């Protein structure tokens with residue numbers, strides 16, 4: 001499955017409010033970044049750092065971000081400065097619901 005279109009969807013918005021996004025495989029032993037915003041911090045994340053990035057998404061308050069876990073995928077969305085976290089959460093949640101309906 002080509003995942004770049006899903007990143008394009010997560011990045012879409014007027015005015016732009018998503019700084020970067022990633023979709024990662026979360027199955028035990030098969031963890032990897034499936035797609036990410038080119039040039040972003042999430043694009044180069046390694047499997048060993050993936051858990052740390054996920055903790056960051058949940059714990060950073062001054063940089064709104066959201067992560068959603070489906071059965072086999074983790075969706076990470078990082079908002080631009082001063083963007084309310086709820087707006088970012090909606091993006092991640094909508095993608096999570098779509099992927100769950102598609103079997104992920």
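Count of region 3-43 residues, restricted to those that are more than 17 Å from residue 81 (Cβ to Cβ) and free of Cβ contacts under 8 Å to residues at least 12 places away in the same chain, is 9.
It is to be established whether one or more residues within region 39-51 are in contact with a helix residue (DSSP H, G or I) (Cβ under 9 Å, 6 or more places away or on another chain), crowded, with 18+ Cβ neighbours inside 10 Å, modelled with pLDDT of 85 or more and in a loop (DSSP other than H, G, I, E, B). The answer is no, given that none of the residues of region 39-51 is in contact with a helix residue (DSSP H, G or I) (Cβ under 9 Å, 6 or more places away or on another chain), crowded, with 18+ Cβ neighbours inside 10 Å, modelled with pLDDT of 85 or more and in a loop (DSSP other than H, G, I, E, B). Within region 57-90, the set of residues being in a helix (DSSP H, G or I) and either surrounded by fewer than 19 Cβ atoms within 10 Å (Cβ to Cβ) or at pLDDT below 55 (or both) comprises 57, 58, 59, 85, 86, 87, 89, 90.
The values are calculated or read from the model by the stated rules, or taken from the named source; none is laboratory data. Bear in mind the structure is a predicted one, so any value in this text is a computation, not a measurement. Cβ sites come from the backbone with ideal geometry, for glycine too, and all protein chains shown count toward neighbours.
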